[in-house]
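To keep things clear, I will list the structure first and then write my remarks on it.
The values are calculated or read from the model by the stated rules, or taken from the named source; none is laboratory data. Just so you know, these numbers come straight off a predicted model, no measurement behind them. A quick note on method: Cβ atoms are made from the backbone with ideal geometry, for glycine too, and the neighbour counts reach across all protein chains shown.
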């Protein structure tokens with residue numbers, strides 16, 4: 001189960017550095033007991049509506065993908081990036097499969113506890129699509145903007 | 001109609017290539033069937049009772065002749081010579097071999113078609129009015145916005161793993177042919193008091209085990225904000241919708257648990273945070289898409305044509321077909337032609353490869369190369385000159401495609417049922433066939449008037465029985481097929497959920513029962529009111545009596 005990290009468009013295996021993890025509830029209950037925590041674990045059903053100040057100081061936020069079908073963390077990732085301005089690492093944990101990576105990366109996930117062994121498969125999966133129709137939490141320009149830029153250039 | 005540019009074409013081709021890789025991994029054994037299942041389900045490939053079934057998207061029901069010919073080719077080459085149009089304007093092939101599916105997708109991609117998001121818990125292929133761009137009285141062409149939604153929803157990174165499937169329908173006419181009130185989101189394009197055009201946003205309608213009519217959560221949404229508003233609805237649903245129970249996971253359950261008002265507040269709050277982000281399309285892109293739906297080059301024709309009138313007087317069958325199967329066009333001298341896929345004894349929605357070729361040819365010659373699929377499992381030629389109607393009718397008739405029964409008792413919606421479907425409890429198709437045979441023998445279908453019969457072979461309600469004027473639901477009782485009748489449903493602008501009337505009937509009795517209901521209606525109706533209106537006027541009781549008196 002390799003840990004993969006995304007730098008720009010490049011996905012590569014990363015060293016497993018030791019993290020001190022704490023769940024949001026535990027941390028809120030007693031912040032002083034977790035002063036050395038580096039990673040915030042956000043349960044899947046956690047509302048993010050008042051999370052902003054909690055993000056300060058965590059270098060990693062861990063989102064859970066318990067099954068292939070459970071897509072709540074895609075919204076969480078996007079909200080962390082686009083609404084709450086979180087710029088640190090967002091790590092996907094759980095059932096992190098090859099055919100989901102493209103969607104996760106577009107929503108702002110940039111580290112993956114990949115469920116399969118072969119990191120090259122994950123790399124390939126991220127290269128399967130050249131374009132995207134919508135704007136999301138990545139830097140990829142949506143197709144409508146490319147069309148617009150092209151027509152202006154022409 | 002919309003044409004792909006290099007971006008659209010590249011994405012569809014890349015998706016086909018991706019799926020080819022997934023199939024190869026399955027065939028080599030690298031993926032188990034369990035691992036493959038969610039992947040194939042994201043591409044319209046189901047495993048049915050006897051074989052794989054491939055559901056091909058027909059975005060908002062619009063097809064060109066070239067695309068129809070390709071579907072004929074696929075039916076002939078990879079299937080058993082036919083296809084099946086569905087209640088979501090799509091087409092299904094019932095017998096493809098898994099190993100052939102990547103080739104089929106390449107064939108489809110060559111004519112700007114695909115099977116993307118025709119299954120799975122994602123935003124499904126968007127549906128619309130089959131008369132779009134042709135209907136008299138339409139506010140504007142709803143396909144412009146359907147195409148906007150198609151692009152936005154394709155491979156949406158945030159909304160591809162929703163609690164459950166998600167269906168959006170768009171209409172722009174007062175007469176609702178897209179069933180917008182029984183969709184997860186229904187969009188009705190209309191003009192407000194200031195004369196501006198926007199959307200009424202209806203959320204939480206749906207059929208299945210727990211049928212609901214949708215609630216209007218916003219009366220008027222300015223068009224420019226469509227996508228950010230949809231994103232707000234989808235985000236609330238993705239985060240808050242239930243995931244612990246398959247049968248309570250649709251947005252209708254969330255909306256009804258929260259209450260429409262609170263749900264609307266949640267959406268508005270989310271929308272306030274994103275409405276000015278770059279989710280919505282710039283005006284240039286909307287204009288670019290709009291240009292594809294410009295009206296064809298209609299000629300200025302007079303409202304009546306002598307030869308057409310003569311043919312009508314001379315040929316009673318033609319006159320009948322014109323009365324029943326054609327509809328008013330927005331341009332004088334043109335008509336909308338409905339092609340019924342419900343011949344007597346036929347399988348609703350089925351069409352052979354040679355019939356597909358015939359429809360393609362007729363559309364090319366007489367309807368500006370355009371064909372539409374309808375949610376009632378028929379086809380439409382949207383733009384036919386009145387003075388061509390006789391030739392079109394003759395050509396359709398030569399291929400068994402001129403059945404004059406649109407909206408009548410034998411124009412039945414039926415799910416595939418136990419003949420194909422792994423989920424079904426009972427067969428649906430034979431019931432539809434026998435009802436059509438019975439009324440063909442009795443005659444007088446036109447006299448009976450509009451009567452929508454809809455048949456589902458299980459509680460999942462793919463045959464829309466809840467919104468049938470007469471609905472028929474198949475249930476399994478100790479291994480025997482029984483059919484429960486519902487009355488008074490409608491999926492149109494006067495939407496309502498049908499009421500169950502009493503105990504189930506055996507397969508042998510169900511056709512008699514329908515006939516009794518119709519006889520009772522004919523006896524009691526006033527001023528040519530529809531079956532549905534008689535039912536609404538009298539209520540369930542007298543119909544129940546009529547139904548069970550003789551049984």
With respect to residue B:163, determine if the residue is within 29 Å of residue A:78 (Cβ to Cβ), within 14 Å of chain A (Cβ to nearest Cβ) and at pLDDT 95 or above. yes
If we take the stretch B:465-551, then helices (runs of 4 or more DSSP H) inside it with 2 or more residues that are within 23 Å of the chain's Cα centre (by Cα) are B:531-538
Per the filter on the stretch B:394-413, residues more than 29 Å from residue B:457 (Cβ to Cβ) and either touching a strand residue (DSSP E or B) at 6+ places or on another chain (Cβ under 9 Å) or crowded, with 18+ Cβ neighbours inside 10 Å (or both) are B:395, B:396
Just one listed residue, out of B:197, B:274, B:217, B:289, is in contact with a strand residue (DSSP E or B) (Cβ under 7 Å, 6 or more places away or on another chain) and either surrounded by fewer than 22 Cβ atoms within 10 Å (Cβ to Cβ) or within 25 Å of residue A:80 (Cα to Cα) (or both), and it is B:197
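So is residue B:207 surrounded by 23 or more Cβ atoms within 10 Å (Cβ to Cβ), within 14 Å of chain A (Cβ to nearest Cβ) and over 18 Å from residue A:71 (Cβ atoms) or not?
No.
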Here the residues within the stretch A:128-154 that are farther than 27 Å from residue A:83 by Cα and more than 10 Å from chain B (Cβ to nearest Cβ) are A:153, A:154
Hey, does the stretch B:316-325 have a residue that's free of Cβ contacts under 8 Å to residues at least 24 places away in the same chain and either surrounded by 15 or more Cβ atoms within 10 Å (Cβ to Cβ) or in contact with a helix residue (DSSP H, G or I) (Cβ under 9 Å, 6 or more places away or on another chain) (or both)?
yes
So, residue A:91, is that one facing chain B (nearest Cβ under 9 Å) and over 23 Å from residue B:20 (Cβ atoms) or not?
no
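Residues checked against (1) out of contact with any strand residue (DSSP E or B) (no Cβ under 7 Å at 6 or more places or on another chain); (2) crowded, with 19+ Cβ neighbours inside 10 Å; (3) at pLDDT below 95; (4) not in a loop (DSSP other than H, G, I, E, B):
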| residue | (1), (2), (3), (4) |
| --- | --- |
| A:85 | yes, no, yes, no |
| A:90 | no, yes, no, yes |
| A:99 | yes, no, yes, yes |
| A:104 | no, yes, no, yes |
| A:141 | yes, no, no, no |
| A:144 | yes, yes, no, yes |
| A:148 | yes, no, yes, yes |
>> Take residue B:311 and tell me if it is touching a residue at least 12 places away in the same chain (Cβ under 8 Å), farther than 27 Å from residue B:373 by Cβ and surrounded by fewer than 17 Cβ atoms within 10 Å (Cβ to Cβ).
In response: no
The residue from A:117, A:128 that alone is touching a residue at least 40 places away in the same chain (Cβ under 8 Å) and not in a helix (DSSP H, G or I) is A:117
How many residues of the stretch B:5-38 are within 11 Å of chain A (Cβ to nearest Cβ), outside any helix (DSSP H, G or I) and surrounded by fewer than 16 Cβ atoms within 10 Å (Cβ to Cβ)? The answer is 2
All conditions in (1) within 17 Å of the chain's Cα centre (by Cα); (2) touching a residue at least 24 places away in the same chain (Cβ under 8 Å) are true of residue B:199 except (1)
Apart from one, (1) closer than 18 Å to residue B:82 by Cα; (2) surrounded by 18 or more Cβ atoms within 10 Å (Cβ to Cβ) all hold for residue B:435; the odd one out is (1)
Exactly one of B:365, B:386 is in contact with a helix residue (DSSP H, G or I) (Cβ under 6 Å, 6 or more places away or on another chain) and surrounded by fewer than 22 Cβ atoms within 10 Å (Cβ to Cβ), and that one is B:386
query: Out of curiosity, is residue B:305 loosely packed, with under 14 Cβ neighbours inside 10 Å and under 30 Å from residue B:406 (Cβ atoms)?
result: no
Restricted to the stretch B:120-132 and to residues being part of a loop (DSSP other than H, G, I, E, B) and within 19 Å of residue B:493 (Cα to Cα), the residue nearest to the other protein chains (Cβ to nearest Cβ) is B:126
Has the stretch B:49-60 got any residue that is in contact with a helix residue (DSSP H, G or I) (Cβ under 7 Å, 6 or more places away or on another chain), buried (at least 16 other Cβ atoms within 10 Å of the Cβ) and over 16 Å from residue B:372 (Cα atoms)?
yes
- assigned by TED's automatic domain parsing to the domain that holds residue B:201, surrounded by fewer than 23 Cβ atoms within 10 Å (Cβ to Cβ), in contact with a strand residue (DSSP E or B) (Cβ under 6 Å, 6 or more places away or on another chain) and touching a residue at least 40 places away in the same chain (Cβ under 8 Å): does that describe residue B:235? no
The stretch B:304-393: helices (runs of 4 or more DSSP H) wholly inside it with 3 or more residues that are in the same structural domain as residue B:76 (by TED's automatic domain parsing), out of contact with any strand residue (DSSP E or B) (no Cβ under 8 Å at 6 or more places or on another chain) and at pLDDT 95 or above are none
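For every residue, the table says whether it meets (1) in contact with a strand residue (DSSP E or B) (Cβ under 8 Å, 6 or more places away or on another chain); (2) in a helix (DSSP H, G or I).
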| residue | (1), (2) |
| --- | --- |
| B:424 | yes, no |
| B:431 | yes, yes |
| B:435 | yes, yes |
| B:439 | no, yes |
| B:450 | no, no |
| B:455 | yes, no |
| B:462 | yes, no |
Without any contact (Cβ under 8 Å) to a residue 12 or more places away in the chain, within 14 Å of another protein chain (Cβ to nearest Cβ), assigned to a helix (DSSP H, G or I) and within 22 Å of residue B:61 (Cβ to Cβ) - does that describe any residue in the stretch B:267-279?
no
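Listed here are the residues, each with its yes/no results for (1) at pLDDT below 95; (2) surrounded by fewer than 20 Cβ atoms within 10 Å (Cβ to Cβ).
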| site | (1), (2) |
| --- | --- |
| B:450 | no, yes |
| B:457 | no, no |
| B:470 | no, no |
| B:475 | no, yes |
| B:479 | yes, yes |
| B:499 | no, yes |
| B:508 | yes, yes |
Of the listed residues (B:172, B:224), the one being buried (at least 23 other Cβ atoms within 10 Å of the Cβ) and either within 29 Å of residue A:130 (Cβ to Cβ) or away from chain A (no Cβ under 13 Å) (or both) is B:172
Looking across the stretch A:34-78 at residues that are free of Cβ contacts under 8 Å to residues at least 12 places away in the same chain and in a loop (DSSP other than H, G, I, E, B), the single one that is surrounded by the most Cβ atoms within 10 Å (Cβ to Cβ) is A:71
